[in-house]
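This report refers to the structure that appears directly beneath it.
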Amino acid sequence: QELAVGTTSNGCYIISRTNGRIIQRFSMEEGMQNNNVLQLFTDRRRNIWVALDNGIDLIRYNTFVKQIYPDKKNMLTSYAAQVFHDKLYIGTSDGVYKTTLDGSTDFSASRSSFDLVPNTKGQVWSLAVSDDQLLLGHHEGVFQIREKNAVPLIRDRGIWLYRQYASSGNTRELLIGGYGGLYKMLQTGNEFTIPKHIGGLQESLRFITIDRDNTIWCSHPYRGIYRIRLVGDSLEYTLLSAKDGLPADYENYVFFIRNRVVIATPHGLYEFNPATNRFQRSPLLFDIFGDIPIQFLREDAYGNIWFVSDKVPAIVDFHKPAGNQPYSIVYFPELKHRIVSGFEFIYPYDEENIFLAAEKALYHINYKKYIRLSAVPAVAIGRVKTIGKNDSLIFGGYFTDKNGSISEQSKDNIIRLPNKYSSFRFEFASPAYDQAGNIEYSYRLNGFDKEWSNWSPKPEKEYTNLPHGFYTFVVKAKDNLGNESATVSYSFVIWPAWYQTWIAKTVYIILFLVFLYLLYRRQKRKFANQQIKHKKEQEHLISLHQLELERNEKELMQVQNEKLESDVMFKNRELATVTMHLVERGKVLSEIKEKLVQAITKHDPPLNIGSFRKVMRLLEEAENKEEDWEHFAHHFDEVHSNYLNSVKKHFPSLTTTDLKLCAYLHINLTSKEIAQLMGISVRGVETSRYRLRRKLNIPGETSLNSFLLEAIAADEHTTAGKNGSATMS
């Protein structure tokens, strides 16, 4: 329905196609570089791109945030605005300008020119309507703006603002904040009394509000909060600061919101609690605003709250729920840093006309249309670079297919980079140039990031020292109304270093297995050596133990041998005693026999032979008494290892006399001693020996005693062999 026409000397015109009426003109007066239009282009968002002699201009024709220039040549800073009697008044750094509104609901569409209101030249601080009268706060004093000019009510020190304090009938009592403190002025209709200064406080008061109890609250950015009560023509005040509960002594501002006095601080909103006589966090608003710094607050006719935080204007819209909250907060980042710092001003006339004081212009927002913007922002990845000693561009913003046409990234377009390229910079942007200040981005590098990043207006992201792997950089955009774009992505691969390849890993595994094997061998060898060492130690211990046992056994055997020797010696002594006893007895008996024989033969007259023969038989029986022999044989066998029993067992044909002879010969008795023991003559002993040798078939050169010993030993050896064979079987 509208046509853009470029001219060679008058700029660009917007003309209605229906009636041919000129809707708007853009020229150097509106900020263009010159008026010679060479080419026009309209983008999808109805923005107009203008090619000029020395550059390109962008006319954001479809925007709902527009600039109003009361003086297009001087680009004045605005401080206040007021709609009054179908006219728009703008207070600037060089006076008040007014224009007539043409009836459009969107006042920015009005095409009337601005005129300076006479008598307002100079710094303007505020405009206010009181009972259908327009008042001006000026550097030079109090002014009333009438139809054609401004009338000074008092020329004094500068005036900041006006507040209605009380009313009675047709008379209103106004409070005025000025450079020198508080003033009071009465209004009746269009008549005003001369403002009078209220004594008691000589302080510049630029922020004033009045609560429902008519308590006056004023603030000074560098002093604190004044709590004031009027007493006649003077006042009483209390200065409140951080000691009274405020989070800071400085930058505290008073406003009247939702029928209560609210203190905007660098750490959120506070209210005064009369019960504790201290400030506390606002129970109504702190949960909404949190602890963000706030410099300005104003409630509009719809209950919404406009505010400025860190030079960014915004609105808490209670008619636009968001998420689980019954409200939404809409920021206007395109106006960031445009607001006059320290003199923030927002005038919400209605939902289509919001005025914001700013440097070089007055901004107008058609909020009704602004929040209905349905255009979803788009985002594009412009460039991808490897960064380091030498930056390299690896992606220039688009891909082409085999035919050279622009296409999406395909598998064939995924770049594969050596491991030395591990740091990257991704540059991205939204192609909606007119929304550049409203766009925030969130990104994620799949394969590295676990979560999406926080929203940020920064249109680039760097990653350094990425490990090898497959990566996809994904980014999305969001405007200040919460509209989110679709995601765009760029994929790439970083090859592993040679020592990270599967071949290297295979070699590592093999080396590791070899290491394990060698370690196993080493441990096994170590274990074997330990076992050998342990075995040797055990053998050594066993040897020591065996030696100890042998030593103990030897000692025991020695003790036993000593005991045996002692026993043998004792028995030998006993045997010797018995033997000597027998020998002596034999001698005695022999001598008795000889004496008796001599006595018988020599006696005269001859004795009774029969009696002597009885005596002789008794003596012979005494010599051959068996009990003596048995006693002797018992002791003899104990001393000489059962010698007689062995001889008797080996030669069972031997008689007792033979055994006696063997025993006596074994103990090396002489023939004489044997004769005495046996009660025979020495010749009889020799005869007995001869008979025994014949009976035993002993050769002449062999000793009788040696023969018997060898025979006994051979018999014992044969018996032992048979016993051993029986045990083995």
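The values are calculated or read from the model by the stated rules, or taken from the named source; none is laboratory data. Fair warning: this is a prediction, and the values are worked out from it, not measured in the lab. Note that we place each Cβ from the backbone using ideal geometry, even for glycine, and neighbour counts take in every protein chain shown.
Total residues in the range 308-328 satisfying the condition of being out of contact with any Leu (no Cβ under 7 Å at 6 or more places or on another chain) and either in contact (Cβ under 8 Å) with a residue 40 or more places away in the chain or within 24 Å of Leu88 (Cβ to Cβ) (or both): the figure is 7. Would you confirm, using the coordinates I've provided, whether Ser108 is on the phi < 0 side of the Ramachandran plot, modelled with pLDDT under 95, touching a His at 6+ places or on another chain (Cβ under 8 Å) and not in a strand (DSSP E or B)? Against the criterion (on the phi < 0 side of the Ramachandran plot, modelled with pLDDT under 95, touching a His at 6+ places or on another chain (Cβ under 8 Å) and not in a strand (DSSP E or B)), Ser108 qualifies. Of the strands (runs of 3 or more DSSP E) lying entirely inside the range 1-99, the ones with 2 or more residues being hydroxyl-bearing (Ser, Thr, Tyr) are found at 12-16, 78-84, 87-92. Scanning the range 355-395 for residues that are in a helix (DSSP H, G or I) and touching a Leu at 6+ places or on another chain (Cβ under 9 Å) turns up just one, Tyr370. On the given criteria, is Trp452 hydrophobic (A, V, I, L, M, F, W, C) and either touching an Asp or Glu at 6+ places or on another chain (Cβ under 8 Å) or within 20 Å of Asp412 (Cα to Cα) (or both)? In short, no. Across the range 271-280, the number of residues qualifying as over 23 Å from Phe343 (Cα atoms), surrounded by fewer than 20 Cβ atoms within 10 Å (Cβ to Cβ) and touching a strand residue (DSSP E or B) at 6+ places or on another chain (Cβ under 8 Å) comes to 3. Taken together, Lys649, Lys722 contain a single residue that is modelled with pLDDT of 80 or more, in a helix (DSSP H, G or I) and surrounded by fewer than 13 Cβ atoms within 10 Å (Cβ to Cβ), which is Lys649. Restricting Ala81, Ala109 to residues that are crowded, with 22+ Cβ neighbours inside 10 Å and closer than 27 Å to Arg372 by Cβ narrows the list to Ala81. If you check Ala633, Ala675, Ala711 for being under 23 Å from Leu564 (Cβ atoms) and either part of a helix (DSSP H, G or I) or aromatic (Phe, Trp, Tyr) (or both), only one passes: Ala633.
State yes or no: is Ile532 modelled with pLDDT under 80 and over 28 Å from Asn668 (Cβ atoms)? Criteria not met by Ile532.
Number of residues in the range 292-311 that are surrounded by fewer than 18 Cβ atoms within 10 Å (Cβ to Cβ), among the aliphatic types (A, V, I, L, M) and either more than 40 Å from the chain's Cα centre (by Cα) or not in a loop (DSSP other than H, G, I, E, B) (or both): the value is 1.
For every residue, the table says whether it meets (1) closer than 22 Å to Leu362 by Cβ; (2) of a type in the set (Ser, Thr, Tyr).
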position	(1), (2)
Lys311	yes, no
Val316	no, no
Lys320	no, no
Tyr327	no, yes
Val330	yes, no
His337	yes, no
Ile346	yes, no
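Taken as a whole, the structure places Lys320 among residues that are over 23 Å from Ile208 (Cα atoms) and of a type in the set (Lys, Arg).
Is it fair to say Phe272 is of a type in the set (Phe, Trp, Tyr), in contact with a Lys or Arg (Cβ under 8 Å, 6 or more places away or on another chain) and either part of a loop (DSSP other than H, G, I, E, B) or at pLDDT 95 or above (or both)? I'd like the intermediate steps shown before the answer.
On the way: of a type in the set (Phe, Trp, Tyr): yes; in contact with a Lys or Arg (Cβ under 8 Å, 6 or more places away or on another chain): yes; either part of a loop (DSSP other than H, G, I, E, B) or at pLDDT 95 or above (or both): yes.
Yes: the conditions hold for Phe272.
Filtered by the rule that a residue be in contact with a Pro (Cβ under 9 Å, 6 or more places away or on another chain) and either of a type in the set (D, E, K, R) or touching a residue at least 60 places away in the same chain (Cβ under 8 Å) (or both), the range 406-435 gives Asn419, Ser422, Glu427, Phe428, Ala432, Gln435.
Residue-by-condition table, conditions (1) of a type in the set (D, E, K, R); (2) out of contact with any strand residue (DSSP E or B) (no Cβ under 7 Å at 6 or more places or on another chain):
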| residue | (1), (2) |
| --- | --- |
| Ala436 | no, yes |
| Tyr463 | no, no |
| Lys478 | yes, no |
| Glu484 | yes, no |
| Ser491 | no, no |
| Val507 | no, yes |
| Leu513 | no, yes |
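I'm trying to understand the selection: among the residues of the range 383-394, which are surrounded by 14 or more Cβ atoms within 10 Å (Cβ to Cβ) and either in contact with a Phe, Trp or Tyr (Cβ under 6 Å, 6 or more places away or on another chain) or modelled with pLDDT under 85 (or both)? Steps first, please.
Filtering the range 383-394 for residues surrounded by 14 or more Cβ atoms within 10 Å (Cβ to Cβ) gives 383-387, 394.
Val384, Thr386, listed by residue number.
Condition check for Phe426 on (1) outside any strand (DSSP E or B); (2) surrounded by 14 or more Cβ atoms within 10 Å (Cβ to Cβ); (3) among the hydrophobic types (A, V, I, L, M, F, W, C): one failure, at (1). Applying the condition of being part of a strand (DSSP E or B) and among the small types (Gly, Ala, Ser) to the range 112-135 and asking which residue is surrounded by the fewest Cβ atoms within 10 Å (Cβ to Cβ) yields Ser130. Ser706 meets the stated requirement of being under 29 Å from Leu564 (Cα atoms) and either more than 60 Å from the chain's Cα centre (by Cα) or at pLDDT 80 or above (or both).
Within the range 160-172, the set of residues being modelled with pLDDT of 90 or more and either farther than 22 Å from Gly232 by Cα or loosely packed, with under 15 Cβ neighbours inside 10 Å (or both) comprises Trp160, Gln164, Thr171.
When residues in the range 25-44 are screened for being buried (at least 16 other Cβ atoms within 10 Å of the Cβ) and under 14 Å from Glu2 (Cα atoms), 1 of them pass. Residues of the range 242-258 that are closer than 21 Å to Ser309 by Cα and not aliphatic (A, V, I, L, M): Pro247, Asp249, Tyr250, Glu251, Asn252, Tyr253, Phe255, Phe256, Arg258.
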